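The values are calculated or read from the model by the stated rules, or taken from the named source; none is laboratory data. What you see is a predicted model; the values in this text were computed from it and never measured. Neighbour counts run over all protein chains shown; Cβ positions are idealised from the backbone, glycine included.
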Ligand code: CA
């Protein structure tokens, strides 16, 4: 299905994951430390990277920053800690998604598939998607361009998908759970949604207190409409 690079120092976890990912049709390269992983990545650029945070030669967070300096490859991080500050830092450093150890290989594979789906057109040409216009906001899924009042805004693939989903459902209250299911294809923690929404707000030039497009409906979710339009 895809060429993956697994960077994990624990030999038992590494071989179990290679087996699990390969059994689902992926071609898996692996490295046991950060420098080996980086070398491997340069030699044979993978379609997605699975990165263990606890590596012997370099903190995984550092490696993530180095990867992001040279590549847009999707990265799914495996962390032994489930703390909010860490997750926010990881996402901020450019991780596309994460799993918390101990995790089931099928859970990891689902995350990998989701990031691949987001970043690739995967084979056959998808049908043309309509351009969404909501007041001063324009989202063109085919050209992958979002504009506010005619100015293009620079979004990560995930932020773009989030905004495109909301723009395809203008004026309707969308719940966090729905966003998790439709944009992330997962059903657990809603923290990820909150973190990305706050970045998206920043790029749209608004705050939660003074929104223009993303209007919070307390206790339910949010609704996209252009508050600057009469
Ligand atoms: Ca480790």
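Can you tell me which residues in region 1-26 are surrounded by 13 or more Cβ atoms within 10 Å (Cβ to Cβ), in a helix (DSSP H, G or I) and away from the ligand (no atom under 16 Å from the Cβ)?
20, 21
How many residues, within region 27-62, are within 16 Å of the ligand (Cβ to nearest atom), within 24 Å of residue 154 (Cβ to Cβ) and modelled with pLDDT under 95?
The number of residues fulfilling the criteria is 1.
Between 71, 30, which is farther than 14 Å from residue 115 by Cβ and either in contact with a strand residue (DSSP E or B) (Cβ under 9 Å, 6 or more places away or on another chain) or surrounded by 15 or more Cβ atoms within 10 Å (Cβ to Cβ) (or both)? Spell out the reasoning first.
Values: 71 fails: farther than 14 Å from residue 115 by Cβ.
Going through 71, 30 in turn, just one is farther than 14 Å from residue 115 by Cβ and either in contact with a strand residue (DSSP E or B) (Cβ under 9 Å, 6 or more places away or on another chain) or surrounded by 15 or more Cβ atoms within 10 Å (Cβ to Cβ) (or both): 30.
Quick one: would you say residue 90 is within 16 Å of the ligand (Cβ to nearest atom), at pLDDT 90 or above and surrounded by 13 or more Cβ atoms within 10 Å (Cβ to Cβ)?
no
Name every residue in region 70-81 that is more than 17 Å from the chain's Cα centre (by Cα) and more than 14 Å from the ligand (Cβ to nearest atom), in order of residue number. Outline the logic, then answer.
Residues of region 70-81 more than 17 Å from the chain's Cα centre (by Cα): 70, 80-81.
Correct list: 70 only.
Looking at (1) under 22 Å from residue 191 (Cβ atoms); (2) buried (at least 17 other Cβ atoms within 10 Å of the Cβ); (3) within 15 Å of the ligand (Cβ to nearest atom), which is the only condition residue 103 fails?
Tallying (1) under 22 Å from residue 191 (Cβ atoms); (2) buried (at least 17 other Cβ atoms within 10 Å of the Cβ); (3) within 15 Å of the ligand (Cβ to nearest atom), residue 103 fails exactly one: (2).
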